[in-house]
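Q: Have a look at this one before I ask anything.
Coordinate-derived values only; no laboratory data. Fair warning: this is a prediction, and the values are worked out from it, not measured in the lab. Cβ coordinates were reconstructed from backbone atoms using ideal geometry, including for glycine residues, and neighbour counts include every protein chain displayed.
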Amino acid sequence: MTVADQRPAAARHRQPERRATGHRGATVVGVLGEVLITLGVLLALFVVWQLWWTDVAAGADQRRAIADLDWVVSEPEARDEAETETETTGPRYDEPAPVMAEPANLTTFATLQVPRFGPDFMPTITQGTSRPDVLDKGGLGHYEGTAMPGQIGNFAVAGHRTTYGKPLNRAAELQVGDPLIVQTPDAWYVYRVTGHEIVLPHQVEVVAPVPNNPGATPTVASMTLTTCHPMFSARERYVVHSELDYWMPVSDGVPPDLVAPADPSGGA
């Protein structure tokens, strides 16, 4: 009999049990590892979807929406001085602006152009602030019950700052005096940025007829942009305020603030 065979019978019988227990433990660890890897892959796919694919899908939605609006005018190309004067002679600073009736929910009735954001920036403005039906389509949503473009009061709109086309991603870059140019089928409305603030989500007074002064009677036409703050968080709201500078009929051409200056060198 070998030394190993001299162990008590109970000990000889326990050894296979320890090997079986160790095998089960390795199996559990292996399964757990596979689960964690799968979760990691799913998380990575979610991040790709959230940060990239939502922008792609929203961009396609916006292109279709713009294509459906036969009255949209984009930023013109550079032109000489004589042509510029001919096409931009219609700003109205003192005449009351025309005001369209508030449209039905989910109606797209305007676009926004911001020269600081470049010539490709032109999100649509749609009635309502539903995430799935409006904001997640890459456009801006009009707060129901607030003023319409050019109207005395506060024309208030909301948009995503990250994901889903992120139309207000660069809101913090806006400076006092920057033009915010709204186009409807019949008129242009050029607002000038007057300032910004960061508020909590419950501070809805920023979209009151007189921003931050609920109950006051408005005397000017203003526009308010709201978006999430900070980036990738809905903890606060970044708010941009502006006031109407002038308006002009679309039939008079494009606003001076949209006209690209001619190249002084005469080059292409």
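Q: Multiplying the sequence separation of ASP133 and TRP71 by 0.36 nm and subtracting their Cα-Cα distance, what value in nm do you get?
A: 20.1 nm
Q: Sort ARG64, ARG92 so the one with the fewest other Cβ atoms within 10 Å of its own Cβ comes first.
A: ARG64, ARG92
Q: For PRO201, what is the net charge nearby, where nearby means another residue's Cβ is under 10 Å from its Cβ and Lys, Arg count +1, Asp, Glu -1?
A: The answer is +1.
Q: Can you give the FRET efficiency for GLU95 and PHE232, using 1/(1 + (r/R0)^6), R0 = 41 Å, r = Cβ-Cβ distance, to the nearest 0.05?
A: 0.40
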